[in-house]
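Each remark here refers to the structure printed beneath this line.
The values are calculated or read from the model by the stated rules, or taken from the named source; none is laboratory data. The structure displayed is predicted, hence computed values, not measured ones. Cβ placement follows ideal geometry from the backbone for every residue including glycine, while neighbour counts extend to all protein chains displayed.
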């Protein structure tokens with residue numbers, strides 16, 4: 001299997017499991033996939049990583065956004081361990097009213 005195909009399949013599969021791009025990147029680097037192929041594979045994702053972070057948060061914590069700072073921090077830490085970037089985490093833990101302000 002070519003590195004390109006392997007990387008695309010890995011990004012698609014791990015992304016569907018709720019894993020973020022930073023963690024996927026580390027996994028692919030550990031397998032010896034060249035950085036330019038990793039970048040290309042991560043860019044090929046159809047939906048945004050922010051939406052994937054929302055899906056991972058909802059699956060773990062339910063549909064309601066966190067209501068206080070402590071819960072927001074707890075959910076953000078969860079997403080961080082999953083390998084999501086800061087901007088994707090902030091998108092996922094903000095309330096829908098906050099999203100409308102963006």
Check: Within the stretch 42-65, is even one residue assigned to a helix (DSSP H, G or I), over 14 Å from residue 79 (Cα atoms) and more than 15 Å from the chain's Cα centre (by Cα)?
Finding: no
Can you confirm whether residue 19 is under 16 Å from the mean Cα position of the chain (by Cα), in a loop (DSSP other than H, G, I, E, B) and at pLDDT 95 or above? yes
Among the residues of the stretch 53-72, are any under 26 Å from residue 94 (Cα atoms), in contact with a helix residue (DSSP H, G or I) (Cβ under 7 Å, 6 or more places away or on another chain) and not assigned by TED's automatic domain parsing to the domain that holds residue 90?
no
Of those in the stretch 86-96 that are in contact with a helix residue (DSSP H, G or I) (Cβ under 6 Å, 6 or more places away or on another chain) and closer than 19 Å to residue 42 by Cβ, the residue surrounded by the most Cβ atoms within 10 Å (Cβ to Cβ) is 92
